[in-house]
Structure formats: structure tokens, C-alpha cells
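The values are calculated or read from the model by the stated rules, or taken from the named source; none is laboratory data. Note that the structure is predicted; figures quoted are calculated from it, not measured. Glycine also receives a Cβ, built like all others from the backbone with ideal geometry; neighbour counts cover every protein chain displayed.
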Ligand SMILES: [Zn+2]
């Protein structure tokens with residue numbers, strides 16, 4: 001643990017390069033569009049980039065993109081206002097539900113009291129390769145590799 005005086009917090013080296021906190025009141029669709037402007041990154045890569053948005057891990061990016069019905073392969077510069085608003089709501093919804101569930105215990109994650117998180121039981125895409133999409137009930141969830149990380153998504157729902 002590190003204690004830092006409040007007035008030095010914004011220039012503290014470990015925090016100064018971190019992107020926006022997704023549950024911050026200032027995080028909105030228009031804010032996200034500004035961050036995405038002119039960037040040739042995929043949605044998956046951008047959302048995992050801690051310098052753009054802080055605190056989103058692989059599971060939560062996969063789940064949020066499925067919830068927002070956006071393809072992890074889309075370039076961020078092609079996202080419009082409506083899609084950005086939907087994506088912000090999806091990210092916040094997934095994070096809030098995960099916090100309430102105590103996180104996702106796939107291996108060793110534990111809550112402070114030692115209990116396992118239960119969010120893994122509600123995954124819609126993560127780890128569900130080959131299983132039916134719970135949104136469209138038509139196709140199987142695909143797994144692809146993006147920057148050496150697994151991406152799970154529905155090619156029918158997510159455009
Ligand atoms: Zn689907």
C-alpha cells in the first residue's frame with residue numbers, strides 16, 4: 001500500500017498514466033468517442049488498454065461488448081454516438097453486476113472474507129466457446145485470439 005498526499009495524486013507516477021475510471025460520473029458516450037477519435041484500434045484492444053480506460057479486464061470487455069452487441073473486431077473510429085452510449089451503459093452494467101457478485105472466481109480470486117465471487121455463473125460469452133449464444137439462440141459463441149488474449153463473441157449479435 002502506498003500513501004500519497006491528495007494534492008500529489010494526479011501526478012503520482014503509478015496513477016498518472018491510467019485512463020478514465022469507467023464508473024466515474026464523467027464517463028459517457030461522448031467522452032468515450034473523444035477517447036476513440038482517429039484511433040485505428042479494435043474495440044477489444046482499446047477497452048483493454050489501461051491508458052484509455054482503467055480497470056477493465058478481459059472477461060469484462062468480452063461481456064460488455066456482447067451486452068452492447070458490438071463486435072470486438074470493430075475499429076473504434078467507426079463507433080457512432082448511439083453505439084458509444086450503449087457501450088458505456090453496458091460496461092457500467094457489467095461492472096456493477098460483477099461487483100455485486102463479488103467478482104469472478106476462475107482460479108484464485110477471493111473476496112476479502114475468503115468467499116469466491118459468483119459472477120462467472122452469469123457469463124454470457126466468456127469461456128462459452130461452442131455453446132449457443134444466450135442472446136440470439138442461433139449460433140455458437142466463437143473464440144478468437146486478439147493480442148494473445150482470448151476473445152469470446154457472437155458473430156451474429158455483435159456487429
Ligand atoms: Zn448471438
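Residue 3: part of a helix (DSSP H, G or I) and either over 29 Å from residue 97 (Cβ atoms) or under 20 Å from the mean Cα position of the chain (by Cα) (or both), yes or no? Steps first, please.
Numbers: part of a helix (DSSP H, G or I): no; either over 29 Å from residue 97 (Cβ atoms) or under 20 Å from the mean Cα position of the chain (by Cα) (or both): yes.
When the stated conditions are applied, residue 3 does not pass them.
Among (1) in a helix (DSSP H, G or I); (2) at pLDDT 95 or above, where does residue 120 come up short?
Status for residue 120: all satisfied but (2).
Scan the range 115-127 for residues that are under 20 Å from residue 48 (Cα atoms) and either more than 11 Å from the ligand (Cβ to nearest atom) or loosely packed, with under 15 Cβ neighbours inside 10 Å (or both) and jot them down.
Once the filter is applied, which keeps residues that are under 20 Å from residue 48 (Cα atoms) and either more than 11 Å from the ligand (Cβ to nearest atom) or loosely packed, with under 15 Cβ neighbours inside 10 Å (or both), the range 115-127 yields 119, 120, 123, 126, 127.
Checking the structure you have, find out if any residue of the range 128-139 is away from the ligand (no atom under 16 Å from the Cβ) and either farther than 18 Å from residue 69 by Cβ or part of a loop (DSSP other than H, G, I, E, B) (or both). If you could, list the steps in order and put the result at the bottom.
Looking only at the range 128-139, we keep the residues that are away from the ligand (no atom under 16 Å from the Cβ), and these are none.
Among the residues of the range 128-139, not one is away from the ligand (no atom under 16 Å from the Cβ) and either farther than 18 Å from residue 69 by Cβ or part of a loop (DSSP other than H, G, I, E, B) (or both), which makes the answer no.
Can you name the residue in the range 145-154 that is touching a residue at least 24 places away in the same chain (Cβ under 8 Å) and in contact with a strand residue (DSSP E or B) (Cβ under 8 Å, 6 or more places away or on another chain) and is also nearest to residue 49 (Cα to Cα) among such residues?
In this case the residue turns out to be 146.
Please state which one of 148, 80 is more than 16 Å from the ligand (Cβ to nearest atom) and farther than 17 Å from residue 33 by Cβ. Full working, then the answer.
On the way: 80 fails: farther than 17 Å from residue 33 by Cβ.
Answer to the check: 148.
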